[in-house]
Amino acid sequence: MLICSDWMLSPRFTADVTSCPFPRPSQGDSSMADTGLLESLLRLLETVDDGTDSQDVAADLGVDHQVIVGAVKSLQALGEVISTEQKSSKHWELTGEGREIAEQGSHEARVFNAIPDEGLPQNELMKMPSGKVGFSKAMSNKWIRLDKAHEGGPRVFKTVETIEDTVRDKLQLVQKGQSAKLEDKEKNDLKKRKLLSEVTVKSYWITKGSSFSTTITKQETELTPEMIASGIWKEKTFKPYNFEAMGVAADCGHLHPLMKVRTQFRQIFLEMGFTEMPTNNFIESSFWNFDSLFQPQQHPARDQHDTFFISDPALAHEFPQDYLERVKKVHSEGGYGSQGYKYDWKIEEAQKNLLRTHTTAVSARMLYKLAQQKFTPVKYFSIDRVFRNETLDATHLAEFHQIEGVVADYGLTLGNLMGVLHQFFTKLGITKLRFKPAYNPYTEPSMEVFSYHEGLKKWVEVGNSGVFRPEMLLPMGLPEGVSVIAWGLSLERPTMIKYGINNIRELVGHKVNLQMVYDSPICRLDS
């Protein structure tokens, strides 16, 4: 079945005509309405050889220009009956206040005419609708004067016998279509007073088409079984089918920008030969989250103002005992070439459950598991949520996503780490990177990673990195000489950079605009 899908009619035309000038598909055999207007336009066009402007047609037929525009679009939909070329022209027209002044006179003239010979108190004059503006303009024209020393209070008097209301005269010229008689300065002065406005009018230059006719022939929009059976379709004129018309967009789900960028990060890791780590344990013990990373129990990050501790279950009880003893010893006494922290390490602190503050706890578990077998070089990654008791602002959340990368092999250095990070971010399309020396309890040396945010116009920290310390790796049982480079990157901040979002709360949380999720483009990786 052929169905016309490109019929169109302007809202103004639809309002003036009882129905569409050719049938909508759903209207079946409903007759064309007001063909008289369309045929009047065609008869007028027949009398001119080179064509005519739609504004002239509106003037000749005595109808609004928008009605003619609608008629032109209706005729365009009928095929090659007419040919059109859109034109733009500018003209001046009066504003609402300008029309009022053209009829009743300018504000200053009305003020002047309201003042009797004996003058008028200024406070009464200001009560007039045009008092304030008129008083100021009349004073500038020196039509009136103000006597502040008058015994009855400030009083306004005329200074001339008669005036010429040039503002009204100029507006009336524009009203008659004679704006060309005014100088540009005069027009601009009236525009500043918001009495005139320059309007751009779009019109059509209409000429006869290859199938020009002064009568309207209804075009069929459907090929029905009855037409085929009877053969009457051979005598019908069908409306051309618009093969370029866009179909109705299919209903579908939408991925949040975070999920799009997460998928890209994951794909980058897989392309670089990394294996994904299991990260399904949001609740972690302090032992794996802090102690196994050689982070002392008195470290500020372990305080309640930085970490969400769990009240039920409050404690963990299952640990590899031999590994736990080695961790305790390296903290309290030292070992493996380190002096340790020299404090009384307590199992009670290590047992406390919390919402993990970083996915490095997962990396610690995986490295310990790796140490229990014959060592082979590995590359691990994870992308999942972590939790920190932070104050919310434009770049910080209490719950966010961390991207963790770990490479274990013999002889790795800080240079290897910087190279991997450059390769990683280049695949994402972020090339402006900076590295700043930093301190981490479990990496030495350590670096903070910054990327330039075009929206915020500043360098934004996107992650932390470093080489894991021997005090962390050797108690696990990894061979001496094995180095592990690691980095943790946020998912939210690179997403903000890629999508030009300045406030992280517009990306995650109750302030998220769902329309942004619908409209956000597919975030393609730059090569």
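The values are calculated or read from the model by the stated rules, or taken from the named source; none is laboratory data. Worth saying up front: this structure is predicted, and the values here are computed from it rather than measured. When we count neighbours, we look across all protein chains shown, and the Cβ atoms used for this are built from the backbone with ideal geometry, even at glycine. Note: areas computed on protein heavy atoms with side chains; ligands, DNA, RNA excluded. Shrake-Rupley method; radii C 1.70, N 1.55, O 1.52, S 1.80 Å.
Within the stretch 494-515, residues that are open to solvent by 70 Å² or more (accessible area, probe 1.4 Å) sit with their Cβ atoms under 9 Å from residues that are acidic (Asp, Glu) and assigned to a helix (DSSP H, G or I), at 6+ positions apart or across chains, in these pairs: 513/506. Taken over the stretch 151-176, the criterion of being assigned to a loop (DSSP other than H, G, I, E, B) and either under 18 Å from residue 116 (Cα atoms) or open to solvent by less than 60 Å² (accessible area, probe 1.4 Å) (or both) is satisfied by 151, 152, 153, 154, 159, 160, 161, 162, 163, 164, 165.
Considering only the stretch 395-472, give the strands (runs of 3 or more DSSP E) lying wholly within it that have at least 3 residues that are under 20 Å from residue 257 (Cβ atoms).
Values: elements: 399-410, 433-440, 443-453, 458-468.
Hits in the stretch 395-472: 399-410, 443-453, 458-468.
Out of everything in the stretch 238-249 that is assigned to a loop (DSSP other than H, G, I, E, B) and either of a type in the set (Gly, Ala, Ser) or open to solvent by less than 70 Å² (accessible area, probe 1.4 Å) (or both), what residue ends up being nearest to residue 220 (Cα to Cα)? The extreme case among them is 239. Residue 28 falls short on exactly one of the conditions (1) among the small types (Gly, Ala, Ser); (2) under 43 Å from the mean Cα position of the chain (by Cα); (3) at pLDDT 90 or above, and that condition is (3). Scanning the stretch 122-150 for residues that are of a type in the set (D, E, K, R) and either open to solvent by 50 Å² or more (accessible area, probe 1.4 Å) or in contact (Cβ under 8 Å) with a residue 60 or more places away in the chain (or both) yields 124, 127, 132, 137, 142, 145, 148.
Answer yes if at least one residue in the stretch 384-394 is more than 30 Å from residue 510 (Cα to Cα), over 26 Å from the mean Cα position of the chain (by Cα) and surrounded by 15 or more Cβ atoms within 10 Å (Cβ to Cβ), and no otherwise. Checked the stretch 384-394: no residue is more than 30 Å from residue 510 (Cα to Cα), over 26 Å from the mean Cα position of the chain (by Cα) and surrounded by 15 or more Cβ atoms within 10 Å (Cβ to Cβ).
Can you tell me which residue in the stretch 60-100 is nearest to residue 242 (Cα to Cα), limited to those that are of a type in the set (Lys, Arg) and part of a helix (DSSP H, G or I)?
Restricting to residues being of a type in the set (Lys, Arg) and part of a helix (DSSP H, G or I), the top hit is 73.
Selection over the stretch 474-517 of residues that are in a strand (DSSP E or B) and aromatic (Phe, Trp, Tyr) gives a count of 1. In the stretch 107-121, the count of residues that are closer than 20 Å to residue 192 by Cα and surrounded by fewer than 19 Cβ atoms within 10 Å (Cβ to Cβ) is zero. Could you grab me the full set of residues in the stretch 317-371 that are part of a loop (DSSP other than H, G, I, E, B), touching a Pro at 6+ places or on another chain (Cβ under 8 Å) and closer than 15 Å to residue 295 by Cα? Answer for the stretch 317-371, where residues must be part of a loop (DSSP other than H, G, I, E, B), touching a Pro at 6+ places or on another chain (Cβ under 8 Å) and closer than 15 Å to residue 295 by Cα: 341, 343. Checked against the criterion of being in contact with a Leu (Cβ under 9 Å, 6 or more places away or on another chain), among the hydrophobic types (A, V, I, L, M, F, W, C), modelled with pLDDT under 90 and surrounded by 14 or more Cβ atoms within 10 Å (Cβ to Cβ), the candidates 94, 61 yield just one match: 61. Checked against (1) polar (S, T, N, Q); (2) open to solvent by 60 Å² or more (accessible area, probe 1.4 Å); (3) under 25 Å from residue 315 (Cβ atoms), residue 426 meets all criteria but (3). Among the residues that make up the stretch 44-55, is at least one of them out of contact with any helix residue (DSSP H, G or I) (no Cβ under 7 Å at 6 or more places or on another chain), of a type outside the set (A, V, I, L, M), in contact (Cβ under 8 Å) with a residue 60 or more places away in the chain and part of a helix (DSSP H, G or I)? Yes, because at least one residue in the stretch 44-55 is out of contact with any helix residue (DSSP H, G or I) (no Cβ under 7 Å at 6 or more places or on another chain), of a type outside the set (A, V, I, L, M), in contact (Cβ under 8 Å) with a residue 60 or more places away in the chain and part of a helix (DSSP H, G or I).
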